[in-house]
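First comes the structure, then the notes that go with it.
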Amino acid sequence: MDKSTILIVDDEFAIRDMLRLALEMADFHCIEAKDIKQAYQLIIDDKPAVVLLDWMLPGGSGLELLRRLKRAELTREVPVIMLTAKTTEDNVIQGLDVGADDYITKPFAPREMIARVKALLRRSGPGVEGDKLKVEELLLDGESRRIFIADYPLEMGPTEFNLLQFFMSHPERAYTRGQLLDQVWGANVYIEERTVDVHIRRLRKALKSPAADYSHMIQTVRGTGYRFSSRSQA
C-alpha cells in the first residue's frame with residue numbers, strides 16, 4: 001500500500017469520522033478501532049504508520065494499550081499520538097513517559113492533527129543513506145536507524161533517535177527547548193516546550209547499556225537548554 005496507513009482508536013464514531021475525513025483529504029489511508037482489543041489486533045495485522053490513540057476507551061484505557069505496545073518487541077517502534085481531554089501537565093507527562101511520541105488535547109483543529117501526523121512520519125521515516133555518526137563507542141546508523149554502544153544495540157523510539165541524531169550532528173553547542181522543537185519536531189508543529197524534557201529523560205535512559213553509560217553526554221545547560229558533549233560538564 002502506497003499511502004501511509006493511520007489507525008484511529010476512539011470509541012466515539014463522530015470523532016473517528018471527523019479524523020478519517022480529514023486524514024483522507026490529506027491522502028492518508030485510515031483504519032478504525034473503538035476499543036483496545038480491536039486496536040491491538042489491527043496494529044498486529046495492518047502495521048499502521050501512526051496510531052491516533054484516545055486516552056479514555058471502553059475495556060481499558062489508551063494508556064494501558066500504549067504500555068502493552070511499548071513492552072513488546074514487535075510493536076514498541078509503532079509511533080503513537082495520544083488524543084486526550086486530560087490537559088493537566090501530570091497527565092500529559094504520564095502519557096509521554098509511557099512511550100507516546102506526541103499528544104493532542106481535545107478539542108483540536110484537523111489542520112493541527114494533520115501537521116502532527118506528518119511531523120511524526122518524518123521523524124520515524126528512513127534516515128539518509130550512509131549517514132553514520134560516531135562518538136567514542138556510540139554509533140548511530142541513519143540508514144538502518146539503529147544505534148549501538150560498542151556493538152551493543154540500543155532500543156530507542158523514533159523521536160529519541162532523531163533527537164540524538166541532531167545532537168550528534170551538532171556537538172558542543174547549547175540549544176534551547178524551542179530550538180530543539182524547531183529542529184527535531186518541525187517549526188510548524190505546535191508542541192509545548194516541556195515535551196522536550198520528557199524525551200531528554202527517555203534518551204538518557206536509552207543511552208545506558210551493559211556496554212557503557214553515555215547518558216552523561218546529554219547535558220543540561222542551566223538557563224538555556226541542552227547540549228551534546230563528550231567532555232565532562234563543568
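The values are calculated or read from the model by the stated rules, or taken from the named source; none is laboratory data. The shown structure was predicted, so the numbers you read here are calculated from the model rather than taken from an experiment. Don't worry about glycine lacking a Cβ; one is built from the backbone with ideal geometry, like all the others, and counts go over all protein chains shown.
For the range 65-82, a tally of residues being farther than 18 Å from residue 105 by Cα and in contact with a helix residue (DSSP H, G or I) (Cβ under 9 Å, 6 or more places away or on another chain) returns 10.
If the condition is being on the phi > 0 side of the Ramachandran plot and modelled with pLDDT under 90, then the range 113-149 contributes 130, 145. Scanning the range 150-177 for residues that are part of a helix (DSSP H, G or I) and within 17 Å of the chain's Cα centre (by Cα) yields a total of 11.
For the range 161-200, a tally of residues being in contact (Cβ under 8 Å) with a residue 60 or more places away in the chain and of a type in the set (Lys, Arg) returns 1. Here the condition is being surrounded by 13 or more Cβ atoms within 10 Å (Cβ to Cβ), assigned by TED's automatic domain parsing to the domain that holds residue 55 and under 18 Å from the mean Cα position of the chain (by Cα); of 206, 119, it holds for 119 alone.
Of all residues in the range 30-50, those that are assigned by TED's automatic domain parsing to the domain that holds residue 66 have Cβ atoms under 7 Å from Cβ atoms of residues that are among the polar types (S, T, N, Q), 6 or more apart or on another chain, in 31/5; 43/75; 46/5; 48/5; 49/4; 49/5. None of 184, 198 is buried (at least 20 other Cβ atoms within 10 Å of the Cβ), among the β-branched types (Val, Ile, Thr) and out of contact with any Pro (no Cβ under 8 Å at 6 or more places or on another chain) except 184. Restricting 22, 85, 72 to those that are surrounded by fewer than 18 Cβ atoms within 10 Å (Cβ to Cβ), under 23 Å from residue 191 (Cα atoms), free of Cβ contacts under 8 Å to residues at least 40 places away in the same chain and out of contact with any Phe, Trp or Tyr (no Cβ under 6 Å at 6 or more places or on another chain) reduces the list to 85. Say whether the condition of being closer than 25 Å to residue 74 by Cβ, assigned to a strand (DSSP E or B) and within 20 Å of the chain's Cα centre (by Cα) is met by at least one residue in the range 20-29. There is no residue in the range 20-29 that is closer than 25 Å to residue 74 by Cβ, assigned to a strand (DSSP E or B) and within 20 Å of the chain's Cα centre (by Cα). In the range 27-67, which residues are surrounded by 14 or more Cβ atoms within 10 Å (Cβ to Cβ), charged (D, E, K, R) and touching a Ser or Thr at 6+ places or on another chain (Cβ under 8 Å)? Across the range 27-67, the qualifying residue is only 54.
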